[in-house]
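A quick write-up on the structure given underneath.
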């Protein structure tokens, strides 16, 4: 009896908290195979980020596989491939120091009202050492919060800004135009994953402040509002820094990472000058966090 692609697939968890490497599968084939794609999607929900090696696939196959999850979206600052809208080119060069600015722990594009549900990132060129990417399980981060913190943040909402992140180094006119195009989004501090039902801590480097902290329950006098809210925001964002929630991936050409953007954050480690690093990312449209 012939083995199917799904039965040839091997799954190796990389940490106890997050991440698995899968092998014996080609994503070009997965784009055309309903059963294989369903298996990969189920593994993604389980492990939150999946890694594959030796994916010598075309840009068309990359896009076709990502589109199995949903429609793709571009990025207003990073450039997309002109032939494949939604395939964002993240090309870092030692000849352009300003383009080498990285990074903070973040969930992609939470400055959108509907942040991406996930991404498929493929390595085109990378340094021989360095340039790793890390991911963190933000459902586990929420689960391990003290009970009194969970109670305090249960109803809080936060603003997320492209102006204060990607726009910060722009001339003021360009920065304000970017904000006009993408006004700050407001999201719950604790979102519910729409497929797994998990509660997820949902603040990251794009979050600037809480929208509804200044209430009698939290503030005695007006001067409490700023330090109290800022201290809490810093504490919540810092939960991504805990190593026990993380996985780290070393890139090689044709390596791929697929992650659930609804329940993770990631960090591209900037430790590889003076080398090139070229990545291509397909971001999949998501829904409104609740």
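Taking the C-alpha atoms only, the angle from helix 172-181 to the longest principal axis of the chain is near 80 degrees.
Note on 208, 288: ascending count of other Cβ atoms within 10 Å places them as 288, 208, the fewest first. Listing 47, 276, 106 from fewest to most neighbouring C-beta atoms within 10 Å gives 276, 106, 47.
With respect to the chain, whose longest principal axis is taken over its alpha-carbon atoms, helix 225-237 is tilted by about 20°. Computed from the Cβ-Cβ distance with R0 of 41 Å, the FRET efficiency linking residue 275 to residue 173 stands at 0.75. The calculated FRET efficiency for residue 53 paired with residue 221, based on their beta-carbon distance and R0 = 45 Å, is about 0.20. Annotation: the residues 260, 39, 56, 113, sorted from fewest to most other C-beta atoms within 10 Å of their own C-beta, follow the order 56, 113, 39, 260. On the beta carbon distance between residue 186 and residue 144, with R0 = 25 Å, the FRET formula returns roughly 0.45. The gain in end-to-end length when the residue 45 to residue 83 segment is fully stretched comes to 10.6 nm, 0.36 nm per residue minus the alpha carbon separation. Going by the alpha-carbon gyration tensor, a ≥ b ≥ c the square roots of its eigenvalues, is the range 94-186 rounded (a/c under 1.5) or, if a/c is not under 1.5, prolate (a/b greater than b/c) versus oblate? Taking the square roots of the gyration eigenvalues as a ≥ b ≥ c, the range 94-186 is oblate.
Select one label from (i) 40; (ii) 29; (iii) 32: the one whose number is percent of Cα pairs over 31 Å apart as derived from the coordinates shown. It is the value labelled (ii). Within the range 221-290, all pairs of alpha-carbon atoms sorted by distance into 10 Å bins from zero give the percentages 12, 33, 31, 17, 6, 1.
A full extension of the chain between residue 157 and residue 91 corresponds to an added length of 20.4 nm, given 0.36 nm per residue minus the alpha carbon distance.
Tilt of helix 34-47 relative to the longest C-alpha principal axis of the chain, in degrees (0 to 90, nearest 10)? Tilt of helix 34-47: around 40 degrees.
Coordinate-derived values only; no laboratory data. Everything numeric here is computed off the predicted structure, so don't read it as measured data. Quick reminder, even Gly has a Cβ in these numbers, built from the backbone with ideal geometry, and neighbours come from all protein chains shown.
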